[in-house]
Structure formats: structure tokens, C-alpha cells
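K.L.:
I have a structure I would like to understand better, so I am pasting it below and will then ask my questions one at a time.
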Amino acid sequence: MSDSLRIGLAGLGVVGGGVLKLLAQQRPLLQSRSGCRLEVVAVSARERGRDRAADISSLKWYDNALDLAGDGDIDVVCELIGGADGVALELSQAALGNGKHLVTANKALLAHHGNSLARLAEDGALNLGYEAAVAGGIPIIKGLREGLAANSFSGVYGILNGTCNYILTEMRDGVRAGSPRDFDTVLKEAQELGYAEADPSTDVDGVDAAHKLALLTSLVFGCPVDFAAVRIEGIRHINPLDIRFAEELGYRVKLLGVSRASAAGIEQSVHPCMVPERAAIAHVDGVLNAVVTEGDFVGTTTFEGPGAGAGPTASAVISDLVDIARGLVLPTFGVAVSELVARPSAPPGSHVGSYYIRLMVVDRPGVIADIAACLRDQEVSVESMLQHGRRPDEAVPVVLTTHVAEEEALARALGAMGELNTVLETPRMIRIVNL
Ligand SMILES: NC(=O)c1ccc[n+]([C@@H]2O[C@H](COP(=O)([O-])OP(=O)(O)OC[C@H]3O[C@@H](n4cnc5c(N)ncnc54)[C@H](OP(=O)(O)O)[C@@H]3O)[C@@H](O)[C@H]2O)c1
């Protein structure tokens with residue numbers, strides 16, 4: 001590497017603006033750490049005239065971001081536009097195809113095209129850096145790939161979406177303060193505060209967390225990225241009642257990305273979970289993210305920190321730039337692409353664990369016996385049961401937790417419960433994850 005690393009920046013929004021600002025403010029530190037100057041030489045965004053986080057008047061401007069890939073003065077392209085396809089994909093392919101390193105914060109892009117982009121990077125002996133794509137400022141890619149390279153993993157668990165974690169934290173605070181707020185109310189507040197997008201579906205329906213989980217799974221289990229294999233359930237149906245019962249039972253509700261290896265295959269899922277209050281991850285609140293890994297020699301490791309925002313994300317992007325400036329070329333998913341081994345996905349319903357169930361029932365004699373019979377018929381045993389108050393002939397919540405059972409059997413039991421004429425709403429189930 002020469003005395004400077006020449007960067008082409010595509011996208012000057014939250015992340016791109018943060019990168020410009022950080023590079024300007026940390027210039028001497030970064031120079032001494034990377035052994036050369038990190039220099040943005042060209043930029044691209046949609047609107048040239050827009051106010052930016054730093055002065056770009058002296059930089060080369062491209063209306064078409066793809067031109068960055070053809071600029072011979074650029075060593076590395078930073079793709080900070082977003083989107084799984086379109087310009088982000090074309091630019092990434094063209095940059096690697098033209099012998100330029102690529103740094104991206106784009107988890108959607110990598111969840112869908114990570115395998116082919118990793119192959120392109122490897123063919124050109126180039127670095128594909130994506131530290132910012134998973135859990136923002138937490139150095140989880142380097143943590144797993146470099147720091148924990150000596151371990152085999154049995155699983156990885158994460159709070160991977162700050163918007164969902166913020167909403168669930170606020171809902172819990174409301175319950176604790178005695179003024180419960182439902183999902184829609186808290187979502188609206190989160191949008192007003194800028195913690196949720198105007199269209200929140202990618203976040204609250206679990207898709208963003210699933211993109212990140214697919215990348216972590218590849219790193220942890222040495223398999224190609226398989227986003228289609230992630231089972232996804234978001235948080236829209238979480239009710240303050242469930243949060244209140246979780247409190248009472250000693251759990252907190254978190255949207256977790258979970259990837260585990262079992263006899264049935266690799267299980268990748270994003271869903272709301274009950275996490276025991278004693279677990280470190282139960283106390284990761286607000287917009288923070290966390291990742292827990294289980295390595296065979298290191299044991300359980302918990303990483304926690306800010307998962308989004310200009311500063312944390314720029315910090316991650318620039319850590320990749322420093323790697324490149326130091327001359328490091330690292331295997332994208334921890335091993336050479338040819339060594340990634342596809343593993344079967346665990347079939348739906350094969351998950352084995354314990355569960356929280358909430359039913360709204362008419363409070364009549366015999367109801368509990370009927371519910372218990374549905375579970376008994378599927379050989380699911382009950383660990384605990386809660387019912388508050390008695391209001392004959394009115395709907396009251398009944399909550400059960402189960403011992404370990406196969407999810408398929410539990411689903412059959414829930415189906416049978418739903419058929420009882422004393423059960424008034426679709427039974428709600430939340431997995432219990434004993435971290
Ligand atoms: N925001 C975060 O905290 C965060 C955290 C982790 C990862 N990420 C990821 O980082 C990426 C960028 O996110 P962001 O929040 O910075 O987005 P953003 O604020 O919406 O910025 C997007 C930037 O891309 C530019 N752009 C859009 N279409 C373009 C095109 N066709 N050609 C050239 N430039 C184009 C926009 O230009 P104009 O400014 O002219 O409109 C804007 O500067 C995404 O992949 C996101 O998932 C974001």
C-alpha cells in the first residue's frame with residue numbers, strides 16, 4: 001500500500017456523512033494506526049447541492065455512483081447507499097470486478113448476494129469489509145472471525161434491531177409504571193423520536209434482524225449465507241399483557257435472532273423470546289444491540305453496544321478501511337469461499353425448547369382441565385400456570401409455561417386449544433430462551 005488509501009464514497013447520508021466527519025476529526029490517530037492517510041478522493045449521492053456533514057467541495061463528484069468503480073484513482077469503494085439490489089449491487093460488483101476493495105454497511109445486500117460478492121472479492125484477492133452491517137458499532141464480525149477464530153460454535157443469539165428493542169423496552173417501562181401502552185402507540189412515539197422509519201416494516205417485522213442473522217450464521221458455522229432459511233416473526237403482536245406476565249414469571253421479552261446447530265440441522269430464526277432476567281442480554285435496553293456466542297473453548301461471550309447511528313456505524317466502516325490500509329485481506333465469512341459448507345436447515349417445528357402460552361378464556365369450571373388435556377395429548381408438560389382474578393363468563397387471561405417440548409407438538413396442542421369454545425382468541429406462544 002502506498003502512503004495513502006484512496007476512498008470513493010457512495011452515499012453521504014447518515015452513515016456516509018458520519019464517515020466523512022470521523023475521517024476529518026481522527027486524521028492523525030487513523031494515520032498512525034493504519035500507517036497511511038485515509039483519504040476520500042471522490043463521492044457520489046443523489047443530490048449534489050444538499051448540505052452534507054462535512055465539506056465535499058474539493059472532492060471529485062460523480063452523479064452516477066457506478067463511475068466510482070471505474071475511477072483509477074480509487075483503491076476502495078465504500079457502498080453506503082443501501083438496498084439489496086439496484087445501484088448498491090451493481091456498484092459492489094463493478095468495484096470488486098475492477099480490482100477495488102469494497103466496504104459496505106449494507107446487510108440487505110450481503111444477505112442476498114453475500115456469497116457471490118465474497119467469491120468476487122476472493123478471486124481478486126480483495127477485502128470485502130462489512131463490520132458496520134451487523135450490530136452497528138459492535139465489532140462482532142472481527143470479534144467472531146478474528147478474536148474467536150479458535151472456537152467451534154454451538155450457537156449465536158442477538159438483539160440485532162435497535163428499533164424493536166426500543167419499542168419492547170418502552171412497552172415494559174409502561175407496564176412497570178402502571179400505564180401500559182400497546183405496540184401501535186409506542187411505535188408512533190418511536191417514529192416521532194426518529195427511532196423508527198416512516199415505513200417500519202423491515203424493522204418491526206424482523207427482516208432487518210434476519211439479514212444480520214444470516215451473516216452471523218455464515219461466520220459462526222462456516223456455511224454459505226442462506227437468508228431464505230431464516231424463519232422470521234416480528235413484534236407487532238406483542239401485547240402489554242405478555243410483557244406483564246413475563247415480568248411476573250422472571251423474564252423479559254426481546255426480539256432475538258437465534259442460530260443454533262442441532263441434530264436436525266441449522267436452525268435460524270428471528271422471533272420474540274422470553275429471556276430470563278438473570279441473563280446479561282435481558283438488560284440490554286433501548287436502541288442498544290447485543291450478541292451472545294457460545295464457543296467450545298471460550299465459553300459464552302456477550303458483546304453489547306450501539307447498533308446504529310452515524311458515529312457507531314462510521315466507527316465500524318472505518319475499522320474496515322484501517323484493515324485494508326494495513327494490507328489485510330481477510331476471508332469474508334471466515335474461510336475461503338470454496339470451504340464454506342452448506343448445512344441442512346432444521347425443518348420447521350423441530351425446535352426443542354420451553355414455551356410461554358397465553359390464552360384468553362371464558363372463566364368457567366372445567367376450562368383449565370380442557371386446556372391441560374390438549375397439552376397432555378401431545379405429551380407437552382406444564383411447568384407453571386397463572387390466572388389472575390375470576391370474572392365468571394368474561395374473558396380472562398390464562399398463562400402457562402411448559403417444560404421442554406418439540407415445537408411441532410406444541411403447535412398441535414395450540415391448534416386443539418384454539419378449537420375449544422371457551423378459548424376466545426388465537427392462543428399466543430412465545431419461545432423461552434434460557435441463555
Ligand atoms: N443509519 C444507520 O444507523 C445504519 C446502521 C447500520 C447500517 N446502515 C446501512 O448503511 C447504509 C446507508 O444507510 P443510511 O442510514 O446512511 O442511509 P441514508 O441516510 O438514507 O443515506 C443514503 C445515501 O445514499 C444516497 N443515494 C441514494 N440513492 C443513490 C443512488 N442511486 N446513487 C448514489 N447515491 C444514492 C443518498 O443520496 P442523497 O443524500 O443525495 O439523498 C444518501 O446520501 C444502508 O445499507 C443501511 O442499511 C445504516
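K.L.:
Is there a residue being surrounded by fewer than 24 Cβ atoms within 10 Å (Cβ to Cβ) and closer than 14 Å to ILE159 by Cβ anywhere in segment 258-267?
P.N.:
So far as segment 258-267 goes, no, none of its residues is surrounded by fewer than 24 Cβ atoms within 10 Å (Cβ to Cβ) and closer than 14 Å to ILE159 by Cβ.
K.L.:
Could you say which residue among PHE221, PHE227 is in the same structural domain as ASP205 (by TED's automatic domain parsing), away from the ligand (no atom under 16 Å from the Cβ), aromatic (Phe, Trp, Tyr) and over 26 Å from VAL399 (Cβ atoms)?
P.N.:
PHE221
K.L.:
Next up: If you scan segment 283-303, which residues turn out to be more than 16 Å from the ligand (Cβ to nearest atom), assigned to a strand (DSSP E or B) and surrounded by fewer than 22 Cβ atoms within 10 Å (Cβ to Cβ)?
P.N.:
GLU294, GLY295, GLY299, THR300, THR301, THR302 - these are the residues of segment 283-303 that are more than 16 Å from the ligand (Cβ to nearest atom), assigned to a strand (DSSP E or B) and surrounded by fewer than 22 Cβ atoms within 10 Å (Cβ to Cβ).
K.L.:
Additional query: Against the conditions (1) out of contact with any helix residue (DSSP H, G or I) (no Cβ under 6 Å at 6 or more places or on another chain); (2) on the phi < 0 side of the Ramachandran plot, where does GLY327 fall short? Just the number, please.
P.N.:
Failing condition for GLY327: (2).
K.L.:
Now for a different question. Give the residue, chosen from SER57, SER4, SER32, that is without any contact (Cβ under 8 Å) to a residue 60 or more places away in the chain, surrounded by fewer than 18 Cβ atoms within 10 Å (Cβ to Cβ) and in contact with a Cys (Cβ under 7 Å, 6 or more places away or on another chain).
P.N.:
Going through SER57, SER4, SER32 in turn, the sole match is SER4.
K.L.:
Right, here's the next one. Give segment 52-66 a look and list any residue that's among the acidic types (Asp, Glu) and either closer than 22 Å to ASP320 by Cα or near the ligand (Cβ under 9 Å from one of its atoms) (or both), or say none.
P.N.:
The answer is ASP63, and nothing else.
K.L.:
Please find, within segment 132-158, the residue that is nearest to the chain's Cα centre (by Cα) out of those that are β-branched (Val, Ile, Thr) and in a loop (DSSP other than H, G, I, E, B).
P.N.:
VAL134
K.L.:
Right, something else. Looking only at segment 377-433, count how many residues are loosely packed, with under 14 Cβ neighbours inside 10 Å, polar (S, T, N, Q) and within 33 Å of the chain's Cα centre (by Cα).
P.N.:
Count: 3.
K.L.:
When you look at GLY72, is it small (Gly, Ala, Ser), surrounded by fewer than 19 Cβ atoms within 10 Å (Cβ to Cβ), more than 10 Å from the ligand (Cβ to nearest atom) and within 18 Å of TYR130 (Cα to Cα), yes or no?
P.N.:
no
K.L.:
Being buried (at least 18 other Cβ atoms within 10 Å of the Cβ) and of a type in the set (Gly, Ala, Ser) is the filter here; which residues of segment 354-373 pass it?
P.N.:
Residue satisfying the conditions is SER354 alone.
Let's see how each residue does on (1) touching a Cys at 6+ places or on another chain (Cβ under 9 Å); (2) of a type in the set (Ser, Thr, Tyr); (3) part of a helix (DSSP H, G or I):
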{"position": "PRO365", "(1), (2), (3)": "no, no, no"}
{"position": "ALA372", "(1), (2), (3)": "no, no, yes"}
{"position": "VAL380", "(1), (2), (3)": "yes, no, no"}
{"position": "MET385", "(1), (2), (3)": "no, no, no"}
{"position": "VAL398", "(1), (2), (3)": "no, no, no"}
{"position": "THR401", "(1), (2), (3)": "no, yes, no"}
{"position": "ALA411", "(1), (2), (3)": "no, no, yes"}
{"position": "LEU414", "(1), (2), (3)": "yes, no, yes"}
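K.L.:
Follow-up. Considering every residue within segment 184-196, establish whether at least one is outside any helix (DSSP H, G or I) and touching a Lys or Arg at 6+ places or on another chain (Cβ under 9 Å).
P.N.:
Among the residues of segment 184-196, at least one is outside any helix (DSSP H, G or I) and touching a Lys or Arg at 6+ places or on another chain (Cβ under 9 Å), which makes the answer yes.
One line per residue, one yes/no per condition, for (1) within 12 Å of the ligand (Cβ to nearest atom); (2) surrounded by fewer than 16 Cβ atoms within 10 Å (Cβ to Cβ):
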site: GLY307; (1), (2): yes, no
site: ILE318; (1), (2): no, no
site: VAL322; (1), (2): no, no
site: ALA325; (1), (2): no, no
site: LEU328; (1), (2): no, yes
site: ALA336; (1), (2): no, yes
site: LEU340; (1), (2): no, no
site: ARG343; (1), (2): no, no
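K.L.:
Report, by residue number, each residue of segment 1-17 that is within 11 Å of the ligand (Cβ to nearest atom) and assigned to a strand (DSSP E or B).
P.N.:
LEU9, ALA10
K.L.:
Tell me the residue from TYR157, TYR130 that is more than 16 Å from the ligand (Cβ to nearest atom), hydroxyl-bearing (Ser, Thr, Tyr) and touching a Leu at 6+ places or on another chain (Cβ under 8 Å), please.
P.N.:
TYR157
K.L.:
Anything in segment 81-114 that is more than 10 Å from the ligand (Cβ to nearest atom) and surrounded by fewer than 18 Cβ atoms within 10 Å (Cβ to Cβ)? List them, or say none.
P.N.:
Once the filter is applied, which keeps residues that are more than 10 Å from the ligand (Cβ to nearest atom) and surrounded by fewer than 18 Cβ atoms within 10 Å (Cβ to Cβ), segment 81-114 yields ASP85, GLN93, GLY97, ASN98, GLY99.
K.L.:
Of the residues that make up segment 215-238, is at least one under 19 Å from ASN434 (Cα atoms) and small (Gly, Ala, Ser)?
P.N.:
Taking every residue of segment 215-238 in turn, none turns out to be under 19 Å from ASN434 (Cα atoms) and small (Gly, Ala, Ser).
K.L.:
I'd like to verify a number: residues in segment 263-282 that are more than 17 Å from PHE245 (Cβ to Cβ) and in a helix (DSSP H, G or I), how many?
P.N.:
Here the count works out to 2.
The values are calculated or read from the model by the stated rules, or taken from the named source; none is laboratory data. Note that the structure is predicted; figures quoted are calculated from it, not measured. Ideal geometry is used to build each Cβ from the backbone, glycine not excepted, and the neighbour counts take in all protein chains shown.
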